[in-house]
Amino acid sequence: MDSPEELKDVRERLRRFWVRWGFAATGAAFFLLVGFGASAILENRSGAQRRVELISFGSLLQTRLAHELDNALFLTGGLKSYLAAREGALNRREVDAILKKFFEDSRHVRNFGIVVGYHLIYLYPVRGNEKLLGLDYRKVPSQLAAVQRVIDGGAPILLGPMKLVQGGQGLVYRVPVPVRGKYWGLISTIIDSESFFADAFARAKAENVELAIRGRDARGMQGEMIRGDARLFGASGVELIDMDVPGGKWVLALRGMARSFQTVEAWRLRLLVWGLAAFLGWGVYALLVQRARLARLAMFDALTGLPNRTLIEDRLERAISAQRRNPAMVSALLFADLDDFKRINDEHGHRAGDAVLQGVAERAMHAVRDIDSVGRWGGDEMIVLLENAGRDKIPELVERVRRAVETPIDYAGLKLQVGVSIGVAIVPDDGDGIQDLIRRADRRMYEEKQKRRGRGARPRTGAT
C-alpha cells in the first residue's frame with residue numbers, strides 16, 4: 001500500500017497536470033479564437049474586395065458594351081435628321097451613298113435599311129440581304145408587332161436578339177421618322193449579335209467571371225435571356241447591373257468563379273478603371289469627329305462647322321427623352337446672341353464678321369464638355385445644349401461659354417471682340433417641349449441684352 005507521502009506526491013502531480021493542461025487549453029482556445037477572428041476578418045475583407053472588383057469589372061463591361069452600342073447606333077440620329085429635312089423627297093443615289101458610307105465606318109452592323117410606311121425601300125448592303133429588299137412588314141407576322149410598337153410609341157427601340165429574315169440572329173434598332181408631325185417611315189439598323197457580345201464574354205472568361213445577359217427586346221428582368229446561363233440570375237454571390245438601352249434596359253449578371261481574382265488581375269482591372277476617363281474622353285471625341293465627317297453636308301453649318309438647326313433640335317429631343325427616362329437628370333438650353341456683331345461687319349467688312357463667327361464657334365465648342373452640343377441657330381445666334389449638367393454646374397458652364405465668346409479674336413492685325421447675351425432654360429423646369437424651351441431661353445436672352453445695354457456693356461474692337 002502506498003505511503004501517505006507517495007499519495008500526496010501523486011495528487012500534486014495530478015494537480016500540476018490539470019493546471020498545466022488548463023493553461024494550455026486556455027492558450028489554445030485564445031489563439032484559436034484570435035485565429036478564427038482574424039480569418040473571418042480576412043475572409044470578409046477578401047469577400048468585400050472580390051465584390052468590389054466584381055462590381056468594378058461589371059461597370060467597365062457595361063461601359064464597353066454601351067460604347068460599342070453607341071458606335072453602332074449614333075449615325076442613325078443624323079440619318080433621321082436628314083430624312084426629316086428632306087420631307088420624304090429622297091434621291092436614291094444620294095441615300096445609297098450615305099448608307100454605304102455609314103456601313104463602311106460602322107462596327108458589328110450587318111445592314112442599314114429605310115422603311116417607308118411598312119415597306120423596306122432602301123437597303124445597304126443588298127448583297128446577302130436580297131430577301132429583305134421590298135419587304136412588307138405587314139406580311140411578316142413575327143416582326144409586325146415589334147414594328148407597330150415603334151410606330152405607336154414614336155420612340156427608338158432596340159429589339160432582339162431575334163431570328164432575321166435574311167438568316168442568322170441579330171439586334172434590330174428601329175427609329176421612327178416623322179415628317180410634318182406624322183409618321184413617315186423608320187430607320188432599321190441590324191447588328192450582328194454574335195460579334196457584338198463576343199468581346200464582352202471573352203473578357204469575362206479571361207477575368208474568371210461568369211456572365212449572363214437578360215432583357216430581350218429591352219425588357220429588363222421581364223425579358224427573356226439574351227446570352228449566358230439563366231440559372232445565374234437566381235444564384236448566390238451574383239451582382240446584377242442594369243444597362244440602359246433604347247426603349248428599355250438589359251440586365252447583366254456577374255459572379256466570380258471558384259478561383260478568386262488574382263492580385264495581378266485585380267491590379268490590371270484597377271488600371272483599366274483608372275484609364276477609363278481618358279478612354280471615354282477620346283472615344284467621345286473620335287465619335288464626334290466621325291459624326292461631323294459623315295453628316296456635315298446635311299446637318300452642319302458650312303461657315304462655322306457647328307450643327308445646324310435641324311441637328312441641334314434632334315439632339316435636344318434626345319436630351320428631353322433621356323430626362324423623361326431618368327427624372328433626376330438635369331440639362332440646360334442656352335440661347336446666345338452676339339452683341340454689336342453688326343458693327344464689326346459695318347466697320348471691318350463681312351470677312352471680318354465671318355472670322356469672328358468662326359472664332360466664336362471654335363472657342364464655344366472648347367468651353368463646354370465633350371457631351372455638350374454647340375449649334376448655330378442663325379445669323380449671330382447660337383444654341384448650347386448642356387446634357388446632364390447638374391444644377392450646381394450650370395452657372396459655371398454658362399460663364400465659361402461667356403468668357404470664351406468674349407475673348408478678343410485676332411484678325412488682320414486687329415483684335416476683334418464681341419459681347420454675348422445668354423438666356424438659359426432648364427430641362428425639365430422650363431418645359432419638356434423643344435419650342436417651349438427655345439422660347440423661354442430666347443426671352444431670357446432678350447431680357448439680359450436689355451440689362452446689358454442699360455449698364456452700357458459694350459465690347460471693344462480695334463487695331464493692336
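Some points to look at:
- For segment 116-125, 3J(HN,Hα) per residue [Karplus equation, 6.51 cos²θ - 1.76 cosθ + 1.60, θ = phi - 60°, Hz, x = Gly/Pro]: 9, x, 10, 9, 7, 9, 10, 8, 8, x
- Selection from A230, V172, L186 lying farthest towards where the dipole of segment 162-251 points positive, charges on Cβ: L186
- Note on K342 and E239: the extension gain reaches 31.1 nm, defined as 0.36 nm multiplied by sequence separation minus the Cα-Cα distance.
- Loop-located trypsin sites (Lys or Arg not before Pro) in segment 370-405 (DSSP state not H, G, I, E or B) with no more than 10 neighbouring Cβ atoms inside 10 Å: R391.
- Think of each Lys and Arg Cβ as +1 and each Asp and Glu Cβ as -1; about the Cα centre, that makes the dipole of segment 307-354 roughly 400 debye.
- M329 paired with S195, simple spin-label distance in nm, labels 7 Å along Cα-to-beta-carbon: 2.9 nm
- With all protein chains modelled, accessible area of Y446 [1.4 Å, Å²]: 130 Å²
- Separation of alpha-carbon centers, segment 216-246 and segment 142-215, rounded to whole Å: 16 Å
- On a per residue basis, segment 296-441 carries 44 Å² of accessible surface, using protein heavy atoms and a 1.4 Å probe.
- Derived scalar couplings between HN and Hα for segment 418-435 equal 10, x, 8, 9, 10, x, 10, 10, 9, 9, x, 4, 9, x, 10, x, 4, 5 Hz in order, rounded to whole Hz, by the Karplus curve 6.51 cos²θ - 1.76 cosθ + 1.60 (θ = phi - 60°), x for Gly and Pro.
- Segment 88-208 - percent of accessible surface contributed by carbon and sulfur, probe 1.4 Å: 53 percent
- Area accessible to solvent at E347, 1.4 Å probe radius, in Å²: 110 Å²
The values are calculated or read from the model by the stated rules, or taken from the named source; none is laboratory data. A quick note: this is a predicted structure, and the numbers were derived from the prediction, not measured. Cβ atoms come from the backbone with ideal geometry, glycine included; neighbour counts cover every protein chain shown. Accessible surface areas use protein heavy atoms only, side chains included; no ligands, DNA or RNA. Shrake-Rupley method; radii C 1.70, N 1.55, O 1.52, S 1.80 Å.
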